[in-house]
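The structure appears right after this line, and notes come after that.
FYI, it's all coordinate maths here, none of it is from the lab. Since we're looking at a predicted model, the values are computed, not measured. Every residue, glycine among them, receives a Cβ derived from its backbone with ideal geometry; neighbour counts consider all protein chains shown.
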Amino acid sequence: MVSARPRLALPWRILVVSVGTVLVWLLLGALLDRDYDRLTHAVGAVLTTVLVVPLVVAARRLLDRRPWTGLGLPSLRAGWRRLLLGMACWLVPAALGFALCLGLGWVEISVRTSVGDAARVAALLVVLVFLKEALPEELVFRGYLQHNLATRLPAWQAVVGQAGLFTLFGFLTGAARSVDRLALFLVFALLLGAFRAATGDIWAGIGFHVAFQTVAQLFGDVGSVFDVVGADVLGVVAMGFIPFSVSWLVLRRLYRGRLDWGALAPDPAR
């Protein structure tokens, strides 16, 4: 049962959770600041979820004084279709983008190790990305922050607001310091916010996030199983422009009856 004690004002709730999230990432970054290895990655992934999920739960209960349901994370049994939708929205057009880049000779990809090893690394990265990026970031930014903004602002303003906070988060934690990285964070967050507004929960965004981050890491230095010539073109065309654009078109078509950009989100006390 949620207490009837007044809630903390919205700007303060947004500030507390945003600052707390940045501090978690900075703390873990400082503690695990060493040359990359899988064990360090795994420890960081587990600790990120272990610290961020209780932070959001506590904020929802103590600051919002509202039930968990408002965060948009129903059980996997209820959300698995949207999870798969989010994954497919990125993976299918990205696969076409990879084929285009390879077919036109813009990119060359070779495997450093066996196909079996590459598959094992990919499976491990799915789990690590889910724990380190997809679940905690979607729960904070599209779950907590976007929902709270959407109770006071039209849906489109809530999407833009959380995207700005996500981009600032990337800058403060060192993940987005260049113009191109800042632009990526902003566009990525806008699309994930649209998924949240359209579907009503964060499972589709988690699926999209897992697919994008897993493949990006698999073909980058983290995976260390592929040699890529033309990595910049691959990142912009096959991993960015094509899947992001197609996903937006799919989202608009599938949820055209639900996308009310001027609506406010309900936030019942029970």
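Per-structure values
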item: Mean Cβ neighbour count within 10 Å, used as a protection proxy, ranking 202-209, 22-29 highest first; result: 202-209, 22-29
item: Residues S247, S114, sorted so that the one with the fewest Cβ neighbours within 10 Å comes first; result: S114, S247
item: Ordering of 258-265, 236-243, 93-100 by packing [mean C-beta count within 10 Å, highest first]; result: 236-243, 93-100, 258-265
item: Global size of region 1-58 as Cα Rg and Dmax, reported in angstrom; result: 15.2, 49
item: Separation of the S245 and L264 label points, Cα + 7 Å toward Cβ, nm; result: 3.8
item: Pairwise FRET efficiency - R253 versus D232, Cβ, R0 = 35 Å, nearest 0.05; result: 0.70
item: Order of C101, C89 - criterion: other Cβ atoms within 10 Å of each residue's Cβ, fewest first; result: C101, C89
item: Stretch gain in nm, segment A78-V115, where the contour uses 0.36 nm per residue and the Cα spacing is subtracted; result: 9.9 nm
item: Most to least packed among 183-191, 134-142, 249-257, 52-60 [average Cβ atoms within 10 Å]; result: 134-142, 183-191, 52-60, 249-257
item: Rg/Rg_globular for the chain, with Rg_globular taken as 2.2 N^0.38 Å and Rg from C-alpha atoms; result: 1.02
